[in-house]
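Pasting a structure here, questions to come.
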Amino acid sequence: MTTPVARLAVTPAALEVIQMLQEKFGDLMFYQAGGCCEGTQPQCFEKGGFYLRTNDVCIGQILGFDFWLDHDLFEYWKHAHFTLDVMEGIGAGGFSLETPYGKTFMVHYRIFTAEELEYLTPLRFNTYD
């Protein structure tokens, strides 16, 4: 295996919701925190609508929109592939843009194989407050 291995994928159902949100709000961003106030579900905001913390990690993009993880959450899940999905209903992410439409983003995880770990796509870290 020599091709870079993506850390992030998206289901067709989630992609459909993201495209609808893009039409309504323009550029977007995703953020998944490790709990507390933000919950643990991925949340979608207008680009710049959530203030990143120093060392938060961008694991990839969906339609050109960054998907950020809280640094501590990334440390816990750095060996996992994320697949963004969506389900009917309102989850804990009440500030996320899909919530008023009766949808909730969620992530399915799987652990990378040893071979995949050697070829993961590079990460971006937020270096400002």
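Could you check region 1-23 and list, in sequence order, the residues that are of a type in the set (S, T, N, Q) and at pLDDT 90 or above?
Scanning region 1-23 gives T11, Q19, Q22.
Here is a further query. May I ask you to list the residues in region 48-103 that are polar (S, T, N, Q), assigned to a strand (DSSP E or B) and open to solvent by less than 60 Å² (accessible area, probe 1.4 Å)?
T83, the sole residue that qualifies.
So E16 clears everything in (1) open to solvent by 80 Å² or more (accessible area, probe 1.4 Å); (2) in a loop (DSSP other than H, G, I, E, B) except one condition, right? Which one?
E16 satisfies every listed condition except (2).
Turning to a different aspect of this structure: Is it the case that region 24-47 has a residue that's exposed (fewer than 13 other Cβ atoms within 10 Å of the Cβ), modelled with pLDDT under 95, out of contact with any Cys (no Cβ under 7 Å at 6 or more places or on another chain) and part of a loop (DSSP other than H, G, I, E, B)?
Yes, that holds for at least one residue.
Further, regarding this structure: If a residue has to be under 16 Å from the mean Cα position of the chain (by Cα), open to solvent by less than 80 Å² (accessible area, probe 1.4 Å) and not hydroxyl-bearing (S, T, Y) to count, how many in region 109-129 make the cut?
Number of matching residues: 2.
The values are calculated or read from the model by the stated rules, or taken from the named source; none is laboratory data. All of these numbers come straight from a predicted model, not from anything done at the bench. So basically every Cβ, Gly included, is an ideal-geometry build from the backbone, and we count neighbours across all protein chains shown. Surface accessibility is based on the protein's heavy atoms, side chains included, excluding ligands, DNA and RNA. Shrake-Rupley method; radii C 1.70, N 1.55, O 1.52, S 1.80 Å.
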